[in-house]
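Below you'll find the structure, written out as structure tokens, and then a few comments.
The values are calculated or read from the model by the stated rules, or taken from the named source; none is laboratory data. Just so it is clear, the structure is predicted and the values come from calculations on it, not from any experiment. Note that each Cβ is placed from the backbone with ideal geometry, even for glycine, and that neighbours are counted across all protein chains shown. Quick note on the areas: whole protein, heavy atoms, side chains included, nothing else; ligands and nucleic acids left out. Shrake-Rupley method; radii C 1.70, N 1.55, O 1.52, S 1.80 Å.
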Amino acid sequence: MRSSDVIQALAPLASPENTARFSRFFKTGPGEYAHGDVFLGVPVPAQRQIALRFRDMAQEEVTRLLHSPIHEHRMTALLLWTAQARKGSMEQRAAIAHTYRANLRWINNWDLVDVSASPLLGQYLRDKHLSVPESLVVSPVLWERRVAIVATHAWVRQGDAGEALRLAEALLGDPEDLLHKALGWTLREVGKHVSPAHLREFLHQHAARMPATALRAAIERFPETERRAWRQKRIPRP
């Protein structure tokens, strides 16, 4: 199996209509966060099916696919690794996690981060009793900081809020709205998978200085009266 086989499998599924829609949705215009990214217009469910067909592909071929300028090629590479990691040995998962970190420059949009950071990096780190690397938390690259916070979902979904809350606190001052959205999503997951009490305790300490986007996402599952009360605690940023 070669990366070119996956490219050939994706090609007939391309849709000009979807290409235009995806390009607008993922902000590929001049000055936007994904400027220059190229889409085929293949929906993610179809990419998942192709990833399953080629899940025995060698790691170097998956890496080659990840280096493609085409967005769906990169997404399918990440889905391939996710399928491999799900049933792989610790040695295989370690190899994927290390290669993933070495190739973060190609994981350069929020959907690529969100589908991969937890199963490929976070779960490996959790199982090895390691923390998310500080180099990701303080990275100047938005997508690497988003990898850091989304990776903590591996802990959260197994009932452990510690790593997520540690990184959430560290990233409260981040300037990027796309990071604020991931931060709020992560806190909401803490309330869902760990306990609302953990989320409320974090909010009691930090709601006043949280970005509006993060706070809004974090409290999404609370009753409206409680959401209003938390919003009123927030001190708007200058």
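Just one of HIS180, HIS204 is of a type outside the set (Lys, Arg) and surrounded by fewer than 19 Cβ atoms within 10 Å (Cβ to Cβ); which is it? Show your work before the answer.
Working: HIS180 fails: surrounded by fewer than 19 Cβ atoms within 10 Å (Cβ to Cβ).
One residue alone meets the criteria, HIS204.
So that you can scan it fast, the table gives a plain yes or no per residue for (1) buried (at least 22 other Cβ atoms within 10 Å of the Cβ); (2) closer than 21 Å to SER3 by Cβ; (3) polar (S, T, N, Q); (4) without any contact (Cβ under 8 Å) to a residue 60 or more places away in the chain:
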site: ALA58; (1), (2), (3), (4): no, yes, no, yes
site: LEU65; (1), (2), (3), (4): yes, yes, no, no
site: HIS73; (1), (2), (3), (4): yes, yes, no, no
site: ASN103; (1), (2), (3), (4): no, yes, yes, yes
site: ASN109; (1), (2), (3), (4): no, yes, yes, no
site: LEU136; (1), (2), (3), (4): no, no, no, yes
site: ALA154; (1), (2), (3), (4): yes, no, no, yes
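Going through the stretch 41-53 one residue at a time, which ones are open to solvent by 40 Å² or more (accessible area, probe 1.4 Å) and either out of contact with any helix residue (DSSP H, G or I) (no Cβ under 8 Å at 6 or more places or on another chain) or within 24 Å of LEU178 (Cβ to Cβ) (or both)? Full working, then the answer.
So in the stretch 41-53, the residues open to solvent by 40 Å² or more (accessible area, probe 1.4 Å) come out as 43-45, 48-49, 52-53.
Hits for the stretch 41-53 are PRO43, VAL44, PRO45, ARG48, GLN49.
How about the stretch 1-40: which of its residues are loosely packed, with under 13 Cβ neighbours inside 10 Å, out of contact with any His (no Cβ under 8 Å at 6 or more places or on another chain) and without any contact (Cβ under 8 Å) to a residue 24 or more places away in the chain? Full working, then the answer.
Here is the first cut: in the stretch 1-40, the residues loosely packed, with under 13 Cβ neighbours inside 10 Å are 4, 8, 11-12, 16-17, 20, 24-25, 29-31, 35-36.
Within this subset, residues satisfying the condition of being out of contact with any His (no Cβ under 8 Å at 6 or more places or on another chain) are 4, 8, 11-12, 16-17, 20, 24-25, 30-31, 35-36.
If the condition is that a residue be loosely packed, with under 13 Cβ neighbours inside 10 Å, out of contact with any His (no Cβ under 8 Å at 6 or more places or on another chain) and without any contact (Cβ under 8 Å) to a residue 24 or more places away in the chain, then SER4, GLN8, PRO12, ALA20, ARG24, PHE25, PRO30, GLY31, HIS35, GLY36 are the ones that fit.
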